Ligand SMILES: C[S@@+](CC[C@H](N)C(=O)[O-])C[C@H]1O[C@@H](n2cnc3c(N)ncnc32)[C@H](O)[C@@H]1O
């Protein structure tokens, strides 16, 4: 089982935001993209038992860790991890059906993937049901500005590792959302200069 200290610190705080959107009297389906170690998804599964959780990862090592967390915690509402590469078109995201998700959760992925965000947001818009929620957590730029200094340094370090990595701008994400039947409904400031962005899937007729 891999252990991410950061995941250990933020998992409960993210769960508290997510819980605002979960009706614990009806069943739901939640997909996580880039699940990493598996620490988040088993924590969400325990805290939100009405949701069937679907982890996914590109990395086989992370998939092994997710399986180990499922076994160790004995959660019964987490499915086996799927192989999903978010840089591929959503039609290749493990055969998930259009409109199958009530929730999509993306934690600390956007600034560490070279995927084209346009394709990813298209996938989110296609997979979410009308009214469904996508929670995106991480550090972000706001209108081209990165604050504070530690996030500027993080951005520089990421870009030195991979020129396509780096903090994403909330305004860019808002626009991508708008073109994919999603709107940025809420932004929650979190510790360590991070935010939760809550996108909701709107009806196609809504503007
Ligand atoms: C910084 S880690 C975050 C993991 C986890 N969500 C967390 O917060 O602990 C980024 C994760 O995204 C995965 N990843 C990177 N590129 C990906 C891609 N193209 N498709 C799916 N997952 C990807 C990596 O394998 C890694 O586990």
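For the chain, relative contact order (Cα pairs under 8 Å, six or more residues apart, normalised by length) works out to 17 percent.
Extension gain for residue 175 to residue 153 (0.36 nm times residue separation, less C-alpha to C-alpha distance): 5.3 nm. Note on the chain: with a GNM built from Cα contacts shorter than 10 Å, the maximum mean-square fluctuation among 95, 166, 30 falls on 95. Between 192, 149, 80, the residue with the greatest mean-square fluctuation in the GNM of the chain (Cα pairs under 10 Å linked by springs) is 149.
Between residue 24 and residue 67, the distance separating the two model label sites (each 7 Å from Cα on the Cα→Cβ line) works out to 3.2 nm. Taken along its three principal axes, the alpha carbon spread of the chain comes to 44, 42, 31 Å, from the longest extent down to the shortest.
Out of the DSSP beta bridges found with both residues in the chain, what percent are antiparallel (nearest 5)?
Numbers: 15 of 34 bridges.
The answer is about 45 percent antiparallel.
Full extension of the segment from residue 129 to residue 161, taken as 0.36 nm per residue of separation minus the current Cα-Cα distance, would add 7.9 nm.
Cβ crowding within 10 Å, taken as a proxy for footprinting-reagent exposure, orders 193, 69, 21 from fewest neighbours to most as 193, 21, 69. Once you've got the GNM for the chain with C-alpha springs shorter than 10 Å, pick whichever of 129, 11, 74 has the biggest mean-square fluctuation. Greatest mean-square fluctuation among the candidates belongs to 74. Relative to one another, the C-alpha centroids of the range 10-57 and the range 117-190 are positioned 19 Å apart.
Here r is the Cβ-Cβ distance between residue 94 and residue 192 and R0 is 30 Å; the resulting FRET efficiency, rounded to 0.05, is 0.45.
Mind checking the full-extension length gain between residue 76 and residue 6? Use 0.36 nm per residue of separation minus the Cα-Cα distance, one decimal, nm. Walk me through the numbers before you get to the answer.
Values: separation 70, 0.36 × 70 = 25.20 nm, distance 2.48 nm.
Using 0.36 nm per residue and subtracting the Cα-Cα distance, I get 22.7 nm.
FYI, it's all coordinate maths here, none of it is from the lab. All values derive from a computational prediction rather than experimental measurement. In this analysis, Cβ positions are derived from the backbone assuming ideal geometry, glycine residues included, and neighbour counts consider all displayed protein chains.
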